[in-house]
Structure formats: C-alpha cells, structure tokens
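Presented below is the structure to which this report refers.
The values are calculated or read from the model by the stated rules, or taken from the named source; none is laboratory data. What you see is a predicted model; the values in this text were computed from it and never measured. Cβ placement follows ideal geometry from the backbone for every residue including glycine, while neighbour counts extend to all protein chains displayed.
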Amino acid sequence: MRTIRKGTAMADEMKDMVLEYVIDEYVDEDDDEEIGYDTPLISSGIVDSFSMVSLKVFLEKKYKISLPDNEATPEAFDTVNSICELVKKFQG
Amino acid sequence: MAYTDKARKQYQEQIEEIKSKGLYKEKRFICSPQDAAITVEYPEGAPNAEVLNFCANNYLGLSSHPEVVKAAHEGLDKRGYGMSSVRFICGTQDIHRELQDRMSKFLGMEDTLLFPSCMDANSGVFEAILEEQDVIIADRLIHASLVDGIRLCSAQYDTFKHMDMKHLKKKLELHSDKRHVLVVTDGVFSMDGDLAPLDEMCDLCDQYGAMILVDDSHASGFIGKTGRGTHEHFNCIDKVDLITTTFGKGLGGASGGCVSGRRELIELCRQKARPYLFSNSMAPPIVNASIKVIDLISKSTELRDKLEWNAAYFRKGVEDAGLCVRPGNTPIVPVMLYNAKLANDMSRDMYAEGIYVIGFFFPVVPAGAARIRVQLSAAHTKEHIDKAVAAFTKVGEKYGILGLDKKGIIDKYGM
C-alpha cells in the first residue's frame, strides 16, 4: 500500500504536486514504500537516471520552464525538496 | 610525462571507491572451452577448479558444439580470418549476405543487417531512424545498450513502468502528437527472466500508430515453440517492426549482432548507423558458424526443448527446496536474496560446492532486489542440475533462508 508522508505547516502546493507525480510515476501500486519530501529518490533507486527524464518533462510542462541538462542532474533530482528548489530557481 | 602522479592517485582513489562500495569486478579465468562443465582459475593464481557453469548465456549449449566449431574452421579456411574493413567499403562477403538472409527468414522479418555486436546494433539503430520530432517510449528495465543508444539519438524519450500496460497506454496518449513513436522493450528481461507481454504491446502500438522494437538477445533461438523468439511465443511475429539480437548468447555464443525488421528501417541503418559504418565486419569464421547455428536450430527443436525441460526441472528443484524464486518460464531463474552481502556470500559458497553462479545487486538490479541469477543451458544434464539444486539446498540451509519468503529474508538479513 503506497503512503504519502507529507510535511505539515511547511507543506506547499508545488511539493505536494511533485510528490504526487513521483508516486504515480515511479512507485508500483503494491509497493509499501513511504515517500516524503526528503526521501532520496535517485540514490535509493526509486528513480533511475534513465527514467528521470519523465520527471524532467513533467516539470518543464507543468511549470513552463526549461531545465538545462547541466542543472537537471541526479543530485538536483534526488528529493522532492531539491527538485522544488531547482524549479523555483528557474521560475525566476 | 603526461600521466602524472596526481592523475595516477586520482584514478587509484576511484578504483578504491569502487572496491569500498563492494562493486569491484574480480578477475575470473576459464581455462577450458565454454560448456556446462568448465575449468576455472579463481581467485587469480588459485589452483584450477572443475565447476559446473550456471551463469553463462550458453542457452542452447552451442558455444563448443562440434558442428559449430567445425563450421568456424571451414569459414576460416574458405573466407579467411578477418575482413580488415567495415561492411560498406570492402567488408561484406557472400556469407555475410547469407547470414542476413537466413536471419530474416528465421525471425520472420523483411530484412536484416549484421553489426559487430548487439550492443552496436542497439547503439546505432535509434539515431539512424529517428529525429528530434520523434519519441521513444521505453520500458524502464531495458538493457543498458538500448539506454545508451536512446541517449545517442536526437529523438525525445520517455519511459513506462516495467511491463505496465496501463502506464504504456498513458504514455502513448501523452505522445500522440509526435511524428514517429517507437516503443522499446526487451523480449526477455535479463535480470528477472520475465517475458514482455508483446501481444498486448503490439495491440497498443496498433491502436496508437506506434512502432515497436524488441531486443530479443535473451530469447532468440529458444523462446517460442520453434525458438524464433518472444514474438513467436506471443503469436505476433508480423506485428513487430524491429528486432535486435545477438549471436553471442543462444545463437553460438561468439559475438556479433543484428537489427532485423521493416525493409526501409534496415536500409536506413545500412546508410546511417554509426557502429555499422565505423566498426569492422563480423569475422568470417563467426559468420560461417552462425549460419550453421541457424541450420541446426531450424532443422530441430531438440535443443530448445531440452533447455525448456532443464529450466522447469531446476526451477521446481529450488522451489521445492524452499528457496525464494522469482516466478517465470524462461531459462533465467533468479534466486532472490534481497540483501547484497547475502547474495555475494552465497555465490562464494556455491563456488566452493562446485557451482559457478554470481550474485547481482544494486546498481545492476534495483536496490533491495539482490539475487543469484541462474541461467540454464541445453548442455546441462539432469545430474548437473541435481548437483546445483543440492548445493543451493546446502548453502541455503547454512544461511537459514529455506522456506523464507521475501519478508522473512529481509527480516533476517535486511535489504
């Protein structure tokens, strides 16, 4: 059973949106992983560097930004928190 | 001297880091022909040991088959050792053309192009047939060579969850505005041994006007009732647009690969695929021996039938012994251990019992999915398999995992 571990007072709409996408896109229905804003995604193997492209495409479309390859790194995509920081940086 | 002490030290640190992560690939030397029973020097410098090989891609047992070896000798005598050229300059002999024609017929495709390896075929095919306005939609567990080929291509790409048809459908909808859509999958996935549901995938591709490419390297020669591959197994031979496969596994085990499929796509590979244009032709002895392999497996299904029996017999043996085995019906049987150290320790103990198998763990397989991947061969006898099952039972008992499921093993050893 998938569970979403959201933040509390600090939660914001973007984080929830990205978290929901990550779970829908990368976690199988029958997985019992608990994923939150600070859960490592790439370094833990939930998202691999090949399939990371789906997340990049989603972010660019959803937030109308263009993420250059040298910024859309596995490190920058490792947690929902770091992903949102990257998106905010390119939102200007 | 350009190779400075600083450079040497930095590279040494990289190697140490690989070792410290437990990812260092040790040297193992086979001192005999490749076969079910082999002579191995491991670790390096240790006395040779006679062991049974359960980790080769020698699915049909043809690596050292007398008729295949004889055909390689004949190829050497009649057409020489090497071509000293890429295919399009002066590297194509009549036997290259014959092998291509034989592969097209065997796989049920319109045309075929040989490459130095399937890794090269996968590296070259995408950039030859797709451009920026096209999209590739790939299963997330496809082979690394397909991943590399997709990354070398200017087309956009996306991925879908492993063998998840609902997710593939969602992605086909998402990309329905693209010029060409190419769905990419392995036929048999090398780590789990599971079969891509090609019938469903082909139906989805029909529905959305997409093409499909299947890497059948772990299927050609033995999956399907006459060994044509995954597309034969799922009765959709005429619906698959491209197959890439290798002569380095079931089909003789030497080297070489090919792309087979729609005539225009193969022609574009012939004109544009860089590994075809810039790497040497398959060597004549291998080409001649590969023709013999196609002869042998076209005349009789005896070898693939034996392999099928062997795989089922081994699978039942380890399941009855209480090991945790991923379900499936291919010659790849993953004995699941989940914990990387456990997989490593057990494979070492298996070697001591005379069974050569290897533990696989992250990043080769997903984190927490460590296993010993067992590969059956038509060259294995019933006695070989009985010995392997007995060794797994003994070693499994030592580690207290017999009868444990995934949760039980993880509770005991962690992930």
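List of remarks:
- Unique match (being closer than 28 Å to B:Val364 by Cα, among the acidic types (Asp, Glu) and in contact with a helix residue (DSSP H, G or I) (Cβ under 7 Å, 6 or more places away or on another chain)) among B:Asp158, B:Asp164, B:Asp194: B:Asp158
- Close Cβ contacts (under 6 Å, 6 or more residues apart or on different chains) running from residues in segment B:29-43 that are under 16 Å from B:Glu353 (Cβ atoms) to residues that are modelled with pLDDT under 95 and in a loop (DSSP other than H, G, I, E, B) comprise B:Tyr42/B:Arg28.
- Here segment A:38-75 is the region considered, the condition is being over 22 Å from B:His143 (Cβ atoms) and among the aromatic types (Phe, Trp, Tyr), and the residue that is nearest to the other protein chains (Cβ to nearest Cβ) is A:Phe58.
- B:Leu99 fulfils the conditions (1) aliphatic (A, V, I, L, M); (2) within 26 Å of B:Ser190 (Cβ to Cβ); (3) exposed (fewer than 15 other Cβ atoms within 10 Å of the Cβ) except for a single criterion, (3).
- Candidates B:Leu168, B:Leu130, B:Leu198, B:Leu174, filtered to the one that is more than 14 Å from chain A (Cβ to nearest Cβ) and over 22 Å from the mean Cα position of the chain (by Cα): B:Leu130
- Flag if B:Glu173 is more than 22 Å from A:Tyr21 (Cα to Cα) and surrounded by fewer than 16 Cβ atoms within 10 Å (Cβ to Cβ): no
- Residue within segment B:141-159 that is modelled with pLDDT under 95, surrounded by 18 or more Cβ atoms within 10 Å (Cβ to Cβ), within 14 Å of another protein chain (Cβ to nearest Cβ) and within 19 Å of the chain's Cα centre (by Cα) present: yes
- Failed item in (1) touching a residue at least 12 places away in the same chain (Cβ under 8 Å); (2) of a type outside the set (Ser, Thr, Tyr); (3) loosely packed, with under 14 Cβ neighbours inside 10 Å, with B:Ile15 passing the rest: (1)
- Breaking point among (1) touching a Pro at 6+ places or on another chain (Cβ under 9 Å); (2) within 30 Å of B:Val147 (Cβ to Cβ); (3) among the small types (Gly, Ala, Ser), for B:Ala72: (2)
- Some residue of segment A:77-92 being loosely packed, with under 15 Cβ neighbours inside 10 Å and under 18 Å from A:Asp38 (Cβ atoms): yes
- For B:Glu50: the one exception among (1) charged (D, E, K, R); (2) part of a loop (DSSP other than H, G, I, E, B); (3) in contact (Cβ under 8 Å) with a residue 24 or more places away in the chain: (2)
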